[in-house]
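Data first, discussion second: the structure below is written as structure tokens.
Just so it is clear, none of the values below were taken in a lab; they were calculated from the coordinates. Since the model is a prediction, treat every value here as computed from it, not as a measurement. Counting neighbours? That spans all protein chains shown, and the Cβs are built from the backbone with ideal geometry, glycine included.
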């Protein structure tokens, strides 16, 4: 499952959210989503699935306000489970908790959709095996059709799989963002960060490395030319792209500067932002 989320791929790592109610969000992400607390101090909570790797970081500080509509920012972040059986166990868990769900079959994956208490979008999904994905002329076939939820649940029941929180093998599968301009955004991620377009979709494009169906979703469904979300807004603060090593981060920083993007050093990390103001932490893998 993780071959697309380990070197030599460049892939999504931890997502950072500014939150208004830290206690309520901690309760939701541990009780409902199934994360474990990795660390907690000074208005900041790191959440993990494996007990060592942060996948979601919640931060609260004075002066934050609710996010504005029709801005760039997070559409959803996507939690990738190891198997269909795990997704079936998650469905039963969410139903037991009374969570309102959306669900789709995307051909390459089977997915659930929900929102956290502050309106941040979440996808929980499992991938079909990569040899079942259909590529045509360099693009992977993806669609949005009805999920056979009964079959997914049966797979869990037949395997005796029950919900005990997120499995340790869970990773941050992808991040899907609202952006202001698709062509400009494509150029940034392709020329600056080395991503390739996996497929185009009405008002959106999906990009990846290593022939994954997508590590990044990018859409203009909030409107073209939308402004960036303010720095003091709740919602997405930043997300992480994990590179194979420090040399790969330095090379990416050079390419970004060559196309006119700014790269700064913040707390020992290289940080940039896409043309819509979505902040990206460039992290060297272990």
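Going by how many other beta carbons lie within 10 Å of each one, how would you line up 84, 44, fewest first?
Sorted ascending by nearby Cβ count, the order is 44, 84.
If we count other beta carbons within 10 Å of each Cβ, what is the order of 52, 255, fewest first?
The order, fewest Cβ neighbours first, is 52, 255.
With the crude spin-label approximation of a point 7 Å out along Cα→Cβ, what separation in nm comes out for residue 221 versus residue 154?
Inter-label distance under the simple model: 3.0 nm.
Using helices alone, I'd like the mean residue ellipticity at 222 nm for the chain: each DSSP H run of four-plus residues gives -39500 (n - 2.57), total over residue count, nearest 500.
Working: 5 runs with 49 residues, N = 286.
Rounded to the nearest 500, it is -5000 deg cm²/dmol.
If I model a spin label as a point 7 Å beyond the Cα along the Cα-Cβ vector, how far apart are those points for residue 211 and residue 95 in nm?
Distance between label points: 3.7 nm.
Measuring from a point 7 Å past the Cα of residue 30 along Cα-to-C-beta, which residues in the range 41-85 have an amide N at less than 20 Å?
41-61
Given R₀ = 41 Å, what would the calculated FRET efficiency be for residue 232 paired with residue 3, taking r from the Cβ atoms and rounding to 0.05? Numbers along the way, then the final one.
Working: r = 39 Å, r/R0 = 0.95.
Computed FRET efficiency for residue 232 and residue 3 comes out at 0.55.
Neighbouring Cβ atoms within 10 Å as the yardstick, rank 5, 178, 214, 65 fewest first. Walk me through the intermediate numbers first.
On the way: 5 20, 178 24, 214 27, 65 11.
The fewest-first ordering by Cβ neighbours comes to 65, 5, 178, 214.
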